[in-house]
Amino acid sequence: MLPTGREHFPNSALAKSALRSGSLGDADTPMREALKPTAEPGWVLSHEGYNILSESTLESRFAFSNGFLGMRAARSLSRGPTWVAWLGYSRWASWPRCYVAGLFDVPNTEPPVSALVPVADWSRVRILLDGQPVLGWKGELLRGTRKLDMHRGLLLSTWTHRTPAGITVTASELRLLSLADRSTGLQLVRILVDRDGVDVKLEASFAMAGLGMEPMRLERDIGAWRTESTAKCVAMTGAASLRVGDNPLAPNQPFPLQWTWCWQSVAGQVAEFDRLVAVARADTPECDPTSRAAARALDRNRALGWRAVLAAHEEAWNKRWLAGDIIIEGDDDAQQAARFAVYHLTSAANPEDDRVSIGARALTGDAYLGHVFWDTEIYLLPFYTAVWPEAARALLMYRFHTLPGARAKAKHFGFKGALFAWESTDTGTETTPERVVAQDGSVVDILTGRMEHHISADVAYAVWQYWNATRDDDFFLRAGAEILLDTARFWASRAVAEADGRRHIRHVIGPDEYHDDVDDNAFTNVMARWNIRRALEAMDLLRARWPEHAATLQDKLGLTEDEFADWRDAVARIVVGLDPATGLYEQFTGFHALEFIDLAGYTDRTVPIDVVIGRQATRRSQVVKQADVIALIALLPEEFPGAMAETNFRHYEARCAHGSSLSAGMHARVAARLGHPEIALSYRRETAATNLDRDPNSAGGVRIAGLGSLWQAVVLGFAGLDLMGDTLSIDPKIPPQWKSLSFHVRWRCRSVAIRIADGTVDATLLEGDEMDMRIAAATRKLIAGATLQVSIEAGPR
Ligand code: BGC
């Protein structure tokens, strides 16, 4: 029997106009409403059509995630199969991927290193018309639009396709990973065919289910798999339904996690499909509890229904935007870039799981195999600490849980304390590949895992910053103090006294990875000294406020008074490479003697400088890969008093080739602090371009650290928010073309709204007890409900 109903409009002229416009212009249904993007301008990124050259980067940029699950924005409909195969000179037209944070295994790669395991693409939908699959490469794509609705945290797509048989089909889709219930995904699809009597088959499946994992359970609506060498479990479950017009159709379920429906088309009649999925991960080999957790999550969300699931997700995003949004008036480009950064930063974190951290490409692509670098602590944490401290705490607890791995690594290299993995996955064991085979067949040793030691100070820095901004004593006592002490202990053992009476840190790699195996890298040594100082301060504080805890911790770590004396000695004698006469830090011993290369001669290059002039020539030169001394200016400005910050910025900026996406944003932050808005804006644009434009390097996922640095350039740079002092302070230097800059910040159990406009700062205490706040040079009381207005030029009014 042909389904009929409200949505059946046999007037084929209407059907055709709907098809032309690409929207399914039928009567209102809740699903139709749900598929409408946010109307308010500034929230939706839109992409038309399909282009193989930009597809992979688009899939990264429009990816969506809730910190537990992540999904690339690959088309779910009219796509051929993707298998894992060697492709030679071909390339995949699309790279559909779904990730589960923390699901790591060691695949058969050379060298074998832990990598994030992709799970089933639960969103695959195949449409067959008169038995023929609708495929992107067969027939004609009349219209295809993908919209990233950042406000609602979801992906919307519409496709109109004419098959070789001349049938036109339009499908609109919504896909999300719930921020309200992180185990859950939702997909809504509406389909319309332009004529009567076509045999339509819709097949919904979980593509590539379990690939590379051991199947543990495979039933109608649920599958569970175990990773082979790490023995972790992942369970995926789903429920789907379809209505044609007003009539629900019963599915066939020929195989596990597969549903099919068949009906005959009526021109212009809309079929509505919805699918809920739930995913659970466990770091144990026992899969039954994991399956039960996934099944419970699915039941709970089915009971709610997709409308309530969508509403809860939107509400959760709304809450996050209230806390994290940045509003820039007068510069649409900067506004969009800032929002895009906040969108991905919000998507990447999960305050509910402190066993995982954020990889260099978050959950948006395969590059760097899901590995966690210093990117998280130095480039991302300031955002979370300032606007989402619960997420910041979980990320720092992840490092705390990896302390055993960090201690083992330090010991392995003959040091004391904790040396965190340069590339970390689930256990904290070092996962940097020791070598890779280059395209020309030569074997290149990767020394970062062995030598890039500043990671330990970076973690300590983020711990201190979080604790300073939140005064989360529970975290400090449970984890923070121990991280500070154990990293300081590492540095004291690492900084060795030599015949010159100084303590040296030799054989390291600083942030500038073009120069490996160097001695006394200024960034590393100054951060190490800072780390030891903070650990001594933490110990004093523990003794003063929690003497019992201090004693227990000292006992646990076996710290002696002699050791503390040695730490003080290290602080006094560590080499930092500062020339007091010029105020210039030498990036590492011997750097000034290397060949100067004028980078102005290479502005046209399209590949990194080390590819242009060769690795060895780069190594012998003063060309710097990324912010190194300049990153130090951003992190520890007190080490650059007077004109020193300017001197060092000018010196090293001229030598930086920005060979990493972490570089430009840090330069923007520092230039903004130094009062160079034009330079800062230009670096801000450069950072945005790497992610928002079609940079082919984004194919492997968004560079989340670059997005973190973009946030920092605006909030810590232009607004001059300082999270490291005793009072919350702000010292704006916003570009003249920005009419206003507004954002919220959390500070020691309070929430403060800040607006900078017309030479005035408005600060409003939204939540929490009264507090002091420093605005430019003036410290004032912030009282609940009243807005404090301070003229930046003329002092408080
Ligand atoms: C950068 C590192 C960064 C890593 C991951 C490298 O190219 O030099 O600083 O941690 O990428 O983003």
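Look at Ile704 and say whether it is away from the ligand (no atom under 16 Å from the Cβ), farther than 21 Å from Asp731 by Cβ and surrounded by 15 or more Cβ atoms within 10 Å (Cβ to Cβ). Please lay out each step first, then the result.
Numbers: away from the ligand (no atom under 16 Å from the Cβ): no; farther than 21 Å from Asp731 by Cβ: yes; surrounded by 15 or more Cβ atoms within 10 Å (Cβ to Cβ): yes.
It is false that Ile704 is away from the ligand (no atom under 16 Å from the Cβ), farther than 21 Å from Asp731 by Cβ and surrounded by 15 or more Cβ atoms within 10 Å (Cβ to Cβ).
Being closer than 28 Å to Arg32 by Cβ, more than 16 Å from the ligand (Cβ to nearest atom), crowded, with 24+ Cβ neighbours inside 10 Å and over 16 Å from the mean Cα position of the chain (by Cα): is that true of Ala308 here? Reasoning before the result, please.
On the way: closer than 28 Å to Arg32 by Cβ: yes; more than 16 Å from the ligand (Cβ to nearest atom): yes; crowded, with 24+ Cβ neighbours inside 10 Å: no; over 16 Å from the mean Cα position of the chain (by Cα): yes.
When the stated conditions are applied, Ala308 does not pass them.
For every residue, the table says whether it meets (1) over 19 Å from the mean Cα position of the chain (by Cα); (2) in a strand (DSSP E or B); (3) at pLDDT 95 or above.
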residue: Val100; (1), (2), (3): no, yes, yes
residue: Pro111; (1), (2), (3): yes, no, no
residue: Leu116; (1), (2), (3): no, yes, yes
residue: Leu148; (1), (2), (3): no, yes, yes
residue: His151; (1), (2), (3): no, no, yes
residue: Leu155; (1), (2), (3): no, yes, yes
residue: Thr158; (1), (2), (3): yes, yes, yes
residue: Gln187; (1), (2), (3): yes, yes, yes
residue: Ile191; (1), (2), (3): yes, yes, yes
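Limited to segment 634-691, what total is found for residues that are modelled with pLDDT of 95 or more, part of a helix (DSSP H, G or I) and within 16 Å of the ligand (Cβ to nearest atom)?
9
Could you tell me how many of the residues in segment 627-651 are crowded, with 24+ Cβ neighbours inside 10 Å, in contact with a His (Cβ under 9 Å, 6 or more places away or on another chain) and over 21 Å from Phe373 (Cβ atoms)?
Matching residues across segment 627-651 total 0.
Regarding Ala323, is this residue part of a helix (DSSP H, G or I) and more than 16 Å from the ligand (Cβ to nearest atom)?
Here the answer is yes, as Ala323 does meet what is asked.
From Arg243, Arg275, grab the single residue that is among the charged types (D, E, K, R), farther than 22 Å from Thr82 by Cα and modelled with pLDDT of 95 or more.
Arg243
Outside any helix (DSSP H, G or I), surrounded by fewer than 17 Cβ atoms within 10 Å (Cβ to Cβ) and on the phi < 0 side of the Ramachandran plot: does that describe Glu315?
So Glu315 does not fit the description; no.
Here are the criteria: (1) in contact with a Leu (Cβ under 9 Å, 6 or more places away or on another chain); (2) over 20 Å from Leu403 (Cα atoms); (3) not in a loop (DSSP other than H, G, I, E, B). Tell me which single one His515 does not satisfy.
Among (1) in contact with a Leu (Cβ under 9 Å, 6 or more places away or on another chain); (2) over 20 Å from Leu403 (Cα atoms); (3) not in a loop (DSSP other than H, G, I, E, B), His515 violates only (3).
Sort out which residues of segment 340-360 are within 10 Å of the ligand (Cβ to nearest atom) and among the aliphatic types (A, V, I, L, M), and write them in order of number.
Ala360
Being surrounded by fewer than 19 Cβ atoms within 10 Å (Cβ to Cβ) and among the basic types (Lys, Arg) is true for just one of Arg124, Arg91, Arg79. Which residue is that?
Answer to the check: Arg91.
Output the qualifying pairs, or none if there are none: Cβ atoms under 7 angstrom, residues six or more apart or on different chains, first residue in segment 83-102 and touching a residue at least 12 places away in the same chain (Cβ under 8 Å) and over 21 Å from Asp283 (Cα atoms), second residue of a type in the set (A, V, I, L, M) and part of a loop (DSSP other than H, G, I, E, B).
Cβ pairs passing all conditions: Val84/Leu211; Ser94/Ala74; Trp95/Ala74; Pro96/Ala74.
Does any residue in segment 549-576 that is free of Cβ contacts under 8 Å to residues at least 24 places away in the same chain come within less than 6 Å, Cβ to Cβ, of a residue that is crowded, with 19+ Cβ neighbours inside 10 Å six or more places away or on a different chain, and which pairs are these?
Correct list of pairs: Ala550/Leu542.
Where in segment 361-476 are there helices (runs of 4 or more DSSP H), lying fully within it, with 1 or more residues that are within 16 Å of the ligand (Cβ to nearest atom) and surrounded by 19 or more Cβ atoms within 10 Å (Cβ to Cβ)?
Values: elements: 381-387, 389-401, 403-412, 448-451, 455-470.
Qualifying helices (runs of 4 or more DSSP H): 381-387, 389-401, 448-451, 455-470.
Give the residues of segment 505-523 that are of a type in the set (D, E, K, R), buried (at least 23 other Cβ atoms within 10 Å of the Cβ) and more than 11 Å from the ligand (Cβ to nearest atom), sorted by residue number.
If the condition is that a residue be of a type in the set (D, E, K, R), buried (at least 23 other Cβ atoms within 10 Å of the Cβ) and more than 11 Å from the ligand (Cβ to nearest atom), then Asp520 is the only one that fits.
Inspect all residues belonging to segment 247-254 and state whether any of them is surrounded by fewer than 20 Cβ atoms within 10 Å (Cβ to Cβ), touching a Pro at 6+ places or on another chain (Cβ under 9 Å) and under 18 Å from Ala207 (Cβ atoms).
no
Give me the residue from segment 587-609 that is open to solvent by 40 Å² or more (accessible area, probe 1.4 Å) and touching a residue at least 40 places away in the same chain (Cβ under 8 Å) and, out of that set, nearest to Ala522 (Cα to Cα).
Across segment 587-609, the extreme among qualifying residues is Thr589.
Please work out if Gln626 is under 33 Å from the mean Cα position of the chain (by Cα) and either closer than 18 Å to Thr690 by Cβ or in a loop (DSSP other than H, G, I, E, B) (or both).
yes
The conditions are (1) in contact with a His (Cβ under 6 Å, 6 or more places away or on another chain); (2) within 13 Å of the ligand (Cβ to nearest atom); (3) assigned to a helix (DSSP H, G or I), and Ser698 fails exactly one of them. Which is it?
(1)
Checking the structure you have, find out if any residue of segment 611-621 is within 15 Å of the ligand (Cβ to nearest atom), open to solvent by 40 Å² or more (accessible area, probe 1.4 Å) and closer than 16 Å to His592 by Cα.
Yes, there is a match, as at least one residue in segment 611-621 is within 15 Å of the ligand (Cβ to nearest atom), open to solvent by 40 Å² or more (accessible area, probe 1.4 Å) and closer than 16 Å to His592 by Cα.
Any idea which of Leu559, Leu553, Leu536, Leu541 is assigned to a loop (DSSP other than H, G, I, E, B), within 30 Å of Phe475 (Cβ to Cβ) and away from the ligand (no atom under 16 Å from the Cβ)?
Leu559
Does Ala297 count as open to solvent by less than 10 Å² (accessible area, probe 1.4 Å), in contact (Cβ under 8 Å) with a residue 24 or more places away in the chain, within 30 Å of Arg217 (Cα to Cα) and assigned to a helix (DSSP H, G or I)? Reasoning before the result, please.
On the way: open to solvent by less than 10 Å² (accessible area, probe 1.4 Å): yes; in contact (Cβ under 8 Å) with a residue 24 or more places away in the chain: yes; within 30 Å of Arg217 (Cα to Cα): yes; assigned to a helix (DSSP H, G or I): yes.
Yes; evaluated as a whole, the condition is true for this residue.
The values are calculated or read from the model by the stated rules, or taken from the named source; none is laboratory data. Small disclaimer: the values here were computed from a predicted structure and weren't measured. Glycine gets a Cβ as well: all are built from the backbone with ideal geometry, and neighbour counts include every protein chain shown. When the accessible area is computed, the model is the full protein with side chains, heavy atoms only, and any ligands, DNA or RNA have been set aside. Shrake-Rupley method; radii C 1.70, N 1.55, O 1.52, S 1.80 Å.
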